[in-house]
Amino acid sequence: MRKLLFTLISTLSVLSNAQDRLPIIFDTDFAMPPQDDSLALMLALQSPELEIFGITTVAGNDSVERATSDVLRMLEIANQVDIPVYVGADMPLVHEVSDFAINNYGKWYSNESPPIPPGGFAMKQEEDDSAVSFIVQAVMENPGEVTIVALGPLTNIAQAIRAKPEFATNVKQLVIMGGAIASLPDGAGNITPNAEFNFWVDPEAARVTLRSGIPIELSPLNVSRKSALTKDWYEKMVAEDNALTALLVETLGERFEQSPEQTWYMYDQIAVAGLIDPTLVTTKSLYVDVNIDHGISYGVSVGGKNVWPGAEGAAQMNVQYDLDWTRFIEMFIERIQRPLPAR
Ligand code: RIB
Ligand code: CA
């Protein structure tokens, strides 16, 4: 607890010293590239508009142990070891592992030891306090100041909302990569026919979070599908040499060698980019809710212009549905290629 208080006091002084940097908490089901969370973190780390208060990890793409181990190492590679990392939920609130989960994408249920990240396990350690404790205290100590960027299942965020009744009203904004909106173009799911991965892994947490009253900007699959990372863009990205582009060559290069014609979506990176430059994305105000019935639509998000029967508690939020792809990828490449802070 003393360590957390110290971090919060440092955080407060960061707030007063850096008026025009947006303080964020980066909540992530992290894994090293080619995973999108790591490219999203590179963008946030390299963008002076953002000040990362702390990183909180959650089970999703892989176990929370892997998310933590990989993000600690990434901070070393990026020379940003002063950013604290807090370990979050190792399982969704309710969702239990099934054969479907095991046979499809994601290892949120895994208890395997994390693999050795590039360059070896980090010397940097995670903090003693939990992710939820950090999130709640950082927000309550800085009312109306902190933006949360949530790029994995919303388990930590839902637990923070439940932990403190005043929490939700004190968050400045919550940017979420999650969901797929069928009433907008490109709104199919990517893990079940209509459910997006992050919401499907923890539908109950997504529902609690969307209904919390926190001002939300949702970055669903609709906008992700406006992106198209090709080999040409990748080659431009790694044309300058620094520790980040070297990591991309090591971890992403093979993908483009093996499938030079393939294009890849960018997900979490768009959620971060929209904070840096909101003109990159186009949004629409919709009511969005999440299905938590354990049937064929478990984890499906639904968005509509007005509230519909069954969605009476749904909240209105900004939903991203279009992207200026060329400006986005040019900005992404320019940021990744910037010199890293000195050690
Ligand atoms: O559906 C896309 C989301 O799930 C992203 O957050 C990505 O990291 C993935 O695994
Ligand atoms: Ca993610």
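Structure notes:
- For region 165-175, the count of residues that are of a type in the set (Asp, Glu), over 16 Å from Val300 (Cα atoms), at pLDDT 95 or above and surrounded by fewer than 24 Cβ atoms within 10 Å (Cβ to Cβ) is at least one.
- Per this entry, Val149 is not counted among residues that are more than 15 Å from the chain's Cα centre (by Cα), of a type in the set (Val, Ile, Thr) and buried (at least 24 other Cβ atoms within 10 Å of the Cβ).
Residue-by-condition table, conditions (1) surrounded by 24 or more Cβ atoms within 10 Å (Cβ to Cβ); (2) among the hydrophobic types (A, V, I, L, M, F, W, C); (3) within 12 Å of ligand 2 (Cβ to nearest atom); (4) closer than 23 Å to Ala205 by Cβ:
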site: Thr28; (1), (2), (3), (4): yes, no, yes, yes
site: Pro33; (1), (2), (3), (4): no, no, no, no
site: Ala40; (1), (2), (3), (4): yes, yes, yes, yes
site: Ile52; (1), (2), (3), (4): no, yes, no, yes
site: Thr56; (1), (2), (3), (4): yes, no, no, yes
site: Thr68; (1), (2), (3), (4): yes, no, no, yes
site: Ile77; (1), (2), (3), (4): no, yes, no, no
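- Subset of region 229-275 that is under 30 Å from Val171 (Cβ atoms), in contact with a strand residue (DSSP E or B) (Cβ under 7 Å, 6 or more places away or on another chain) and assigned to a loop (DSSP other than H, G, I, E, B) - its residue that is farthest from ligand 1 (Cβ to nearest atom): Met266
- Qualifying residue in region 221-228 (condition: out of contact with any helix residue (DSSP H, G or I) (no Cβ under 7 Å at 6 or more places or on another chain), among the hydroxyl-bearing types (Ser, Thr, Tyr), assigned to a loop (DSSP other than H, G, I, E, B) and within 22 Å of Phe332 (Cα to Cα)): no
- Among the residues listed as Leu39, Leu72, Leu50, Leu45, the single one being among the hydrophobic types (A, V, I, L, M, F, W, C) and within 16 Å of ligand 1 (Cβ to nearest atom): Leu39
- Counting the residues of region 210-238 that are without any contact (Cβ under 8 Å) to a residue 40 or more places away in the chain and surrounded by fewer than 18 Cβ atoms within 10 Å (Cβ to Cβ) gives 4.
- The listed residue being in a loop (DSSP other than H, G, I, E, B) and touching a helix residue (DSSP H, G or I) at 6+ places or on another chain (Cβ under 9 Å), out of Ile148, Ile157, Ile116, Ile135: Ile116
- Pairs, first part of a loop (DSSP other than H, G, I, E, B) in region 310-329, second surrounded by fewer than 20 Cβ atoms within 10 Å (Cβ to Cβ) and of a type outside the set (Phe, Trp, Tyr), C-beta under 9 Å, six or more apart: Ala311/Gly304; Gly313/Arg211; Gly313/Val307; Ala314/Arg211; Ala314/Gly304; Ala314/Val307; Asp324/Thr279; Asp324/Thr282
- Residue list for region 161-201, filter: within 13 Å of ligand 1 (Cβ to nearest atom) and not in a loop (DSSP other than H, G, I, E, B): Val175, Ile176, Met177, Phe197, Asn198, Phe199, Trp200, Val201
- Candidates Gln137, Gln125: the one that is surrounded by 19 or more Cβ atoms within 10 Å (Cβ to Cβ), away from ligand 2 (no atom under 16 Å from the Cβ) and not basic (Lys, Arg) is Gln137.
- The one condition from (1) buried (at least 19 other Cβ atoms within 10 Å of the Cβ); (2) in contact with a Phe, Trp or Tyr (Cβ under 8 Å, 6 or more places away or on another chain); (3) under 24 Å from His294 (Cβ atoms); (4) not charged (D, E, K, R) that Pro23 does not meet is (3).
The values are calculated or read from the model by the stated rules, or taken from the named source; none is laboratory data. Model, not experiment: these values are computed from the prediction. Using ideal geometry, Cβ is built from the backbone for each residue, glycine included, and neighbour counts are taken over all protein chains shown.
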